[in-house]
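Reviewing the structure listed below.
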Amino acid sequence: MGAPKTTIWVTGDQLTDRNPALTGADKGSVRILMIESLAWARERPYHKWKLVLIFAAMRGFADDLRRGGWQVDYFAERDDFERPWAEHIAAFRPACVRMMSKSDFGVTERLCALVASFGITIDVVPHGNFISTPQDFDDLMRRGRERVTMETFYRHMRRKTGLLMDGDVPAGGAWNFDKQNRVPPKKNMRFPAAAVVPDRPRVREAVALVDAHFPGHPGSTANFDLPTTRADALAFADEFFSARLDLFGPYEDAMVSGEPRLYHSRLSAAINVGLLHPLELCERAERAYRNGSARLASVEGFVRQLLGWREFVWRVYWRLMPEYRVRNALRATRPVPVWYRDGETSMACQRDALRQVLDLGWAHHIVRLMILGNFALLAGCEPQAMTEWFWYMFVDGYDWVMVPNVIGMTLHADGGFVGTKPYAASANYINKMSDYCATCAYDPKKTVGENACPYNALYWDFIARHEMRFAENPRMALPVRNWRGRDASSKAAIRTRAGELLAKIERGERL
Ligand code: SF4
């Protein structure tokens, strides 16, 4: 009697050989099932790059598995999951099914129900592409806390993993180096040339598939340049560690017209589909610090994004879903601005940010937070609609990523669980941290008047709309005091200007 025949179901965001469902499996009795479902890809108007990435990476992963001696049942370009499952069961007759838990809330249950409809039970094993455990977060919550801050969680994870620790103390004597990491861009900065990802037949196949089935989705398949195999993702990471990491920290928050990447790694999409593990990247960053090839402020900033922020939002999501998704503490109801579809606006910062998103399905975190998210916050755009928009427009977007990032951090719709204050800013911040305002049709110094920057009136209107709530928040006391100190005519002019802008957004007009 051989081992019972087992199917291991691998989906498009589980492309890792650290998948615990694969660990220890007997290659002779196991068959790996992979299905491309067009119905899944139609659930949202996903950016074309996201679909190319997932279909190409699935095919590339299946190739790697076969080379490693696994048997793979691969169903390409199928309408849904159901029919391929029926065909697989008829051909292979598995006694049991195993899969890694899905990263988005409710999806594991949906897939289990599908398998159960064939009379087979499914054994679900924990997710393998994170560093922390549920206990890391829950233990901190249990210590009498109403909420756990990212900083508390991050320090716990630094101590637990030993990353960037010298014994019991953080490397360099500090937990963060943010003060060194907020340098505005200099004039005429030059950045490393983009890493060249080899031409892969699997990418060409995926481009043809997406062009055939999803012509109306945002973006274009042209110029797709993301890594889609483990080997290419490692090479992409090599380029970041050798050419960008050292200056990543200082210019982490800088924004430059026509330069989406600067010193950022752009590895998030490869991590979120499983091609890279966050721990291997953190360890690699630490080695760069220890061997003197990258400054500590940059390495700590990079480790903070993965070991701190990414792990934190994952744990917040799983701790607070499903009610977290529907939170709307600021009662924001306006639609997503109409130009978020095509980038057609006179606002230079928004135009460049949206160009990046349309071209690459990606923009770095400050472009997301302080250009696109900040505007939606000030304009009172509905959190759930904005979460959907970020989810389908970004190559690294999933429900687990975007719910805490958009509802929590960006739009403060969770009432202050993720961040104690809203990330609201006027044109001052954008003007300081970017070169956008120099070429804009709007004037960053003006708050009222025809060519006044929309961020300014909307910023003060936002403070005024939520004056009572923010007055109770010590971190918002200064802008509230500033607003209250203005004379009545100044307040009226600002609110009139903001009202005109908000009415345009509601009517679907462009700014
Ligand atoms: Fe953006 Fe205002 Fe600056 Fe124009 S002036 S780029 S709209 S912040």
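The values are calculated or read from the model by the stated rules, or taken from the named source; none is laboratory data. In this text, all values refer to a predicted model and were calculated from it rather than measured experimentally. Heads up, the Cβs are rebuilt from the backbone with ideal geometry, glycines too, and the neighbour counts pull from every protein chain shown.
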From the set of residues in the stretch 198-210 that are in contact (Cβ under 8 Å) with a residue 60 or more places away in the chain and more than 23 Å from the chain's Cα centre (by Cα), which is farthest from Glu77 (Cα to Cα)?
Arg200
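Okay, residues lined up against (1) part of a helix (DSSP H, G or I); (2) farther than 30 Å from Asp104 by Cβ; (3) under 10 Å from the mean Cα position of the chain (by Cα); (4) acidic (Asp, Glu):
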{"site": "Asp396", "(1), (2), (3), (4)": "no, no, yes, yes"}
{"site": "Trp400", "(1), (2), (3), (4)": "yes, no, yes, no"}
{"site": "Gly408", "(1), (2), (3), (4)": "yes, no, no, no"}
{"site": "Phe417", "(1), (2), (3), (4)": "no, no, no, no"}
{"site": "Ala424", "(1), (2), (3), (4)": "no, no, no, no"}
{"site": "Ala438", "(1), (2), (3), (4)": "yes, yes, no, no"}
The number of residues in the stretch 11-65 that are more than 24 Å from the chain's Cα centre (by Cα) and assigned to a helix (DSSP H, G or I) is 4
Residues of the stretch 400-426 satisfying the condition of being out of contact with any Ser or Thr (no Cβ under 9 Å at 6 or more places or on another chain) and either among the acidic types (Asp, Glu) or within 16 Å of the ligand (Cβ to nearest atom) (or both)
Asp414, Ala424, Ala425
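Per-residue answers, yes or no, for (1) over 16 Å from Cys381 (Cα atoms); (2) touching a Pro at 6+ places or on another chain (Cβ under 8 Å); (3) at pLDDT 95 or above:
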site: Lys421; (1), (2), (3): yes, no, no
site: Lys432; (1), (2), (3): yes, yes, yes
site: Ala441; (1), (2), (3): yes, no, yes
site: Asp461; (1), (2), (3): no, no, yes
Going through the stretch 330-369 in order, the residues found to be of a type outside the set (A, V, I, L, M) and more than 16 Å from the ligand (Cβ to nearest atom) are Arg331, Thr333, Arg334, Pro335, Arg341, Asp342, Asp359, Gly361, Trp362, His364, His365
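Looking only at the stretch 300-352, how many residues end up being among the charged types (D, E, K, R) and part of a helix (DSSP H, G or I)?
Within the stretch 300-352, the subset among the charged types (D, E, K, R) is 300, 304, 310-311, 315, 319, 323, 325, 327, 331, 334, 341-342, 344, 351-352.
Those left that are additionally part of a helix (DSSP H, G or I): 300, 304, 310-311, 315, 319, 323, 325, 351-352.
The total comes to 10.
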Out of (1) outside any loop (DSSP other than H, G, I, E, B); (2) surrounded by fewer than 24 Cβ atoms within 10 Å (Cβ to Cβ); (3) away from the ligand (no atom under 16 Å from the Cβ), the one Met386 does not meet is (2)
Which of the residues that make up the stretch 448-486 are under 16 Å from Lys421 (Cβ atoms), assigned to a loop (DSSP other than H, G, I, E, B) and either acidic (Asp, Glu) or touching a Phe, Trp or Tyr at 6+ places or on another chain (Cβ under 9 Å) (or both)?
Glu472
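Could you run through the stretch 247-286 and say how many residues are among the acidic types (Asp, Glu) and part of a loop (DSSP other than H, G, I, E, B)? Walk me through how you get there before you give the answer.
Of the stretch 247-286, the ones among the acidic types (Asp, Glu) are 252-253, 259, 280, 283, 286.
Of the ones still in play, those that are also part of a loop (DSSP other than H, G, I, E, B) are 252-253.
Count: 2.
In the stretch 43-78, what count of residues is obtained for those that are under 18 Å from Leu358 (Cα atoms) and of a type outside the set (Ser, Thr, Tyr)? Working first, answer last.
Filtering the stretch 43-78 down to residues under 18 Å from Leu358 (Cα atoms) leaves 44-54.
Pick out the ones that are also of a type outside the set (Ser, Thr, Tyr) and you get 44-45, 47-54.
Qualifying residue count, the stretch 43-78: 10.
Within the stretch 212-231, can you find the residues that are in a helix (DSSP H, G or I) and touching a residue at least 40 places away in the same chain (Cβ under 8 Å)?
Taking the stretch 212-231 and keeping what is in a helix (DSSP H, G or I), we get 212-213, 230-231.
Matches in the stretch 212-231: His213, Arg230.
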Show the residue pairs meeting these rules: Cβ distance below 6 Å; 6+ apart or different chains; first residue within the stretch 363-375 and in contact (Cβ under 8 Å) with a residue 60 or more places away in the chain; second residue in a helix (DSSP H, G or I) and not charged (D, E, K, R).
Ala363/Ala353; Ala363/Gln356; Ala363/Val357; Val367/Ala353; Ile371/Cys349; Ile371/Ala353
If you take the residues in the stretch 440-462 that are surrounded by fewer than 21 Cβ atoms within 10 Å (Cβ to Cβ) and aliphatic (A, V, I, L, M), which one is nearest to the ligand (Cβ to nearest atom)?
Ala441
Candidates Arg334, Arg325, filtered to the one that is in contact (Cβ under 8 Å) with a residue 24 or more places away in the chain and either assigned by TED's automatic domain parsing to the domain that holds Cys453 or in contact with a strand residue (DSSP E or B) (Cβ under 7 Å, 6 or more places away or on another chain) (or both):
Arg334
Could you tell me how many of the residues in the stretch 79-102 are assigned to a strand (DSSP E or B) and surrounded by fewer than 18 Cβ atoms within 10 Å (Cβ to Cβ)?
1
Quick one: which residue in Val124, Val72 is surrounded by 14 or more Cβ atoms within 10 Å (Cβ to Cβ), more than 29 Å from Glu205 (Cβ to Cβ) and at pLDDT 95 or above?
Val124
Look through Val169, Val197, Val183 and report the one residue that is within 30 Å of Phe55 (Cβ to Cβ) and not basic (Lys, Arg).
Val197
Please tell me if Arg155 is without any contact (Cβ under 8 Å) to a residue 60 or more places away in the chain and either surrounded by 13 or more Cβ atoms within 10 Å (Cβ to Cβ) or not aromatic (Phe, Trp, Tyr) (or both).
yes
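Check Arg486, Arg475 and return the single one that is surrounded by fewer than 15 Cβ atoms within 10 Å (Cβ to Cβ) and closer than 21 Å to Ala376 by Cβ.
After ruling out the rest, the residue left standing is Arg475.
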